[in-house]
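The values are calculated or read from the model by the stated rules, or taken from the named source; none is laboratory data. None of these values were measured; they are calculated from a predicted model. Don't worry about glycine lacking a Cβ; one is built from the backbone with ideal geometry, like all the others, and counts go over all protein chains shown. All accessible areas refer to the heavy atoms of the entire protein, side chains included, with ligands and DNA or RNA removed. Shrake-Rupley method; radii C 1.70, N 1.55, O 1.52, S 1.80 Å.
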Amino acid sequence: MTSQTIAFSKYHGLGNDFILIDNCSSKEPYLSPQLAIKYCDRHFGIGADGVIFLLSDGAQDSYRMRIYNSDGSEPEMCGNGIRCLAKFMQDLEIPTIENQYFLQTGAGLMVVKLNADGQVTVDMGEPRLLAQEIPTTLADRDQKVINQPLEIDGQIWNVTTVSMGNPHCITFVADADRIPLAELGIKFEHHPVFPKRTNTEFIEVVSSSYIKMRVWERGAGATLACGTGACASVVAGVLNGKCDRVCTVNLPGGDLQIHWDTTTNHIFMTGTAERVFTGTISEQLSVS
Ligand code: ZDP
């Protein structure tokens, strides 16, 4: 055990906030999941929805993102977080390739582009729809779950499930603001039909090109925005005939532009990412 000082930066994407750490000199994250929980705490720590580590991936110009949720669990992917990571890399003066960074994640390779207007566009890859890919037991392994009933405390919710590398359960509602998010979200998250738990999105369709989303995140609870959730919700909207493939998603923290491209089947997400502050933490670390 050695005492070490670690530099961090705090960023947010539409109020979905993260502690970012340049972890390139080590193969493993500097912080354990336990320390991530501590630093994400809004009263006893820095305060964030998650901690993101920038790791090198062996080869030159090749990087990897790892993330811990505020409960210490490790998701495969994070849409708002990866936009923040791109801004962080830009601030670290890591050279781009034609304004792009190539980042490995638990959900595969993501291409992140820094736009001239300061926004960030992420090629999130293809959505995965089969029950085994979510994963969910709501249908047979190689079937899709589109508008299927899910029972919670005797009430039926018609849900569509989509994986953006991480699991999402989407339900369309008449008024997103009236959903008791915390009370319901936790029940979706831990429902036995989702063996890896799930993120849950409540979607109000304002028009076919503008939807309103309230999200309960696996391992992080109610957050102001969720990038993978916005992508998954547009996919669910298209599959249910409610949304266009080019759609704005309104979240409590602001808007995200989503485009599900017909030719490539890839989903492109565009939105802001901003630095809030930088600082250092001192910790007794087991990894150096
Ligand atoms: O899948 C999960 O456990 C999510 N809580 C990960 C974080 C997703 C995120 N909000 C996003 O923007 O995709 C960061």
Q.
Against the conditions (1) in the same structural domain as Gly13 (by TED's automatic domain parsing); (2) without any contact (Cβ under 8 Å) to a residue 12 or more places away in the chain, where does Gly279 fall short? Just the number, please.
A. (2)
Q.
Would you confirm whether or not the stretch 139-152 contains a residue that is free of Cβ contacts under 8 Å to residues at least 60 places away in the same chain, part of a strand (DSSP E or B) and polar (S, T, N, Q)?
A. yes
(Q) Could you go through the stretch 106-125 and let me know if any residue there is surrounded by 19 or more Cβ atoms within 10 Å (Cβ to Cβ), in the same structural domain as Cys40 (by TED's automatic domain parsing) and more than 16 Å from the ligand (Cβ to nearest atom). (A) yes
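For the condition of a type in the set (A, V, I, L, M, F, W, C), within 13 Å of the ligand (Cβ to nearest atom) and under 19 Å from Thr161 (Cβ atoms), what is the one hit in Cys226, Cys247?
On the way: Cys247 fails: within 13 Å of the ligand (Cβ to nearest atom).
That would be Cys226, the only listed residue that is of a type in the set (A, V, I, L, M, F, W, C), within 13 Å of the ligand (Cβ to nearest atom) and under 19 Å from Thr161 (Cβ atoms).
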(Q) Restricting to the stretch 41-71, name every residue that is over 18 Å from Pro95 (Cα atoms), in contact with a Cys (Cβ under 6 Å, 6 or more places away or on another chain) and among the small types (Gly, Ala, Ser). (A) Ala48, Ser70
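Just checking, how many residues over the stretch 64-121 are outside any strand (DSSP E or B) and either of a type outside the set (S, T, N, Q) or touching a residue at least 40 places away in the same chain (Cβ under 8 Å) (or both)? Step through it out loud before you land on a result.
Here is the first cut: in the stretch 64-121, the residues outside any strand (DSSP E or B) are 70-96, 98-99, 106-107, 115-119.
Still in the list and also either of a type outside the set (S, T, N, Q) or touching a residue at least 40 places away in the same chain (Cβ under 8 Å) (or both): 70-89, 91-95, 98, 106-107, 115-119.
Residues meeting the conditions: 33.
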Q) Within the stretch 10-31, which residues are open to solvent by 10 Å² or more (accessible area, probe 1.4 Å) and within 16 Å of the ligand (Cβ to nearest atom)? A) Lys10, His12, Leu14, Gly15, Asp17
Q | Pro33 being in contact (Cβ under 8 Å) with a residue 40 or more places away in the chain and under 14 Å from the mean Cα position of the chain (by Cα) | A | no
Q) Looking at Gly219, is it in contact with a Ser or Thr (Cβ under 6 Å, 6 or more places away or on another chain) and small (Gly, Ala, Ser)? A) yes
